[in-house]
Amino acid sequence: MKIRVAFSKKQKLLLWFTIPLAMLVYHWVSVSQEVDRLVARLERGAPEQRIEAAYALAQMGSSAGGAVDALGSAIRDPDAQIRAAATAALVQISRRDAIKALSDAFDDRNTAVRLDAAEALDRIGSPKAREILAQSEAHSARSYERARMSGWVDQVRRELRQQEKERYRRHRKMYDRQPGR
């Protein structure tokens, strides 16, 4: 015996939207829980676990947007590998609220962290991100110019020392040739 249920058009339409919406909410809640679990591991795990958590957040992409603050804190970690992983994760998440953390990464002594931060800011592409990149380029140009000038100054110093040595040798020869010596 089959039981047949008759649905009105309104009920069918409601079911048509409710089931996919419920599946979407379930997925969103599970993703949110996973982000929270990874953030906890990023903040309190062993160094290897923290690096793995950062890369897992990176693989989640923009759905890991809730982890931006924790990744921003990880950028200031003493361990360079954790800083690099956090910066790489921000590259993948590429959210506008990551700009402050990424601008801090430009001061890092690790080249990989600085390059990842530049890539992330380039991907974000907002006016603020472009401004930070322009300032960084200007700073790099000034640093390069100082280094170049420092090299030039060192070269001038070497030439002046060489001239002093030549002058000393000539004077020494003249002094040695003087009669009575």
Output the number of the condition that Lys165 fails; it satisfies all remaining conditions of (1) under 23 Å from Gln49 (Cα atoms); (2) modelled with pLDDT of 75 or more; (3) not β-branched (Val, Ile, Thr).
-> (1)
Within segment 22-34, the count of residues that are of a type outside the set (A, V, I, L, M) and at pLDDT 70 or above comes to 4
Is there any pair linking a residue in segment 56-85 that is closer than 9 Å to Ala101 by Cα to one that is buried (at least 22 other Cβ atoms within 10 Å of the Cβ) and at pLDDT 85 or above, with Cβ under 6 Å and at least six apart or on different chains, and which?
-> Leu71/Ala86; Leu71/Ala89; Ile75/Arg83; Ile75/Ala86
Got at least one residue in segment 121-138 being under 11 Å from the mean Cα position of the chain (by Cα), closer than 30 Å to Glu48 by Cα and modelled with pLDDT of 80 or more?
-> yes
Specify the residue that is modelled with the lowest pLDDT; the eligible residues are those in segment 1-21 that are farther than 23 Å from Ala64 by Cβ, part of a helix (DSSP H, G or I) and among the aliphatic types (A, V, I, L, M).
-> Leu15
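The values are calculated or read from the model by the stated rules, or taken from the named source; none is laboratory data. Bear in mind that the values here come from a model prediction, so they are computed numbers and not experimental data. Heads up, the Cβs are rebuilt from the backbone with ideal geometry, glycines too, and the neighbour counts pull from every protein chain shown.
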